[in-house]
């Protein structure tokens, strides 16, 4: 990707008077100056034969970048092998739907430790990720917001090194919450991006998928998303780090204020 795009997760809010569909939401986001939308496949894959053509037409007309967030019901380390296979099926179903509207990145949390060690969990998840077909969709492994969850930055980077079809989704707000407010300065963000560049190569910094929002957290990590201005997440320092490392790709805003906060990020970045 040749620049850094900014968009939102899900359907836009607007002024509250309009109920958007994917098609009209894409039109609206483009009209206000945003570049991307992440389709929420979290409970069901809702790109179908009925809306696919309209979504694709609107996407192409507006040159909007589409990603999707995969099912919440994915656990590639489930105790039951049938549940692991079902998780693989959910990922593939989401990837195929995203590909049908010329999207690129399918984001998901790969699994949970449950009663297994970190090493056992990593091995099982890696083996299952290797079963995913290469269909032109990037499987994006998202950093998680609680230390008890599989999906630290280091774990996901190691998976990306082991599985050619997988790439990162760095949720900086999740990292902030996972470390109980650990991100405070530009140097903290620089360390993350430097680590990614050293481990995955500079090209990984030019093809990043990023989640950001304000966030509420406690000693155990993430609680809920917040607007940027109601949180201690240092989003300005994060953006300065993007500029320093010449990051390219897509930033998806998950704030409750969606497009308003996404435009705030883009304004700061461009300034």
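Estimated translational diffusion coefficient (Stokes-Einstein, Kirkwood radius over Cα pairs, 10 °C, 1.306 mPa s) of the range 130-271: 104 µm² per second. Computed from the Cβ-Cβ distance with R0 of 25 Å, the FRET efficiency linking residue 79 to residue 216 stands at 0.20.
The average projected area of the range 43-170, computed from the convex hull of its Cα atoms over all directions, is 7.9 nm².
Evaluating kT/(6 pi eta Rh) at 37 °C and 0.692 mPa s, with the Kirkwood radius of the range 4-270 over Cα pairs in the Stokes-Einstein relation, gives 176 µm² s⁻¹.
Exposure proxy ranking for 37, 212, 1, based on other Cβ atoms within 10 angstrom of each Cβ and starting from the fewest, stands as 1, 212, 37. Based on DSSP H segments of at least four residues, each scored -39500 (n - 2.57), the chain has a per-residue ellipticity at 222 nm of -12500 deg cm²/dmol.
Among 239, 252, 11, 268, sorting on how many other beta-carbon atoms sit within 10 Å of each Cβ, with the fewest leading, yields 268, 11, 239, 252. Largest mean-square fluctuation among 173, 49, 105, in a Gaussian network model of the chain whose springs join Cα atoms under 10 Å apart, belongs to 49. Taking 0.36 nm per residue of separation and subtracting the Cα-Cα distance, full extension of the segment from residue 54 to residue 100 would add 15.4 nm.
Read the figures in this text as sums done on the coordinates, not as results from a lab. Bear in mind that the values here come from a model prediction, so they are computed numbers and not experimental data. As a convention, Cβ positions derive from the backbone with ideal geometry for all residues, glycine included, and neighbour counts pool all protein chains shown.
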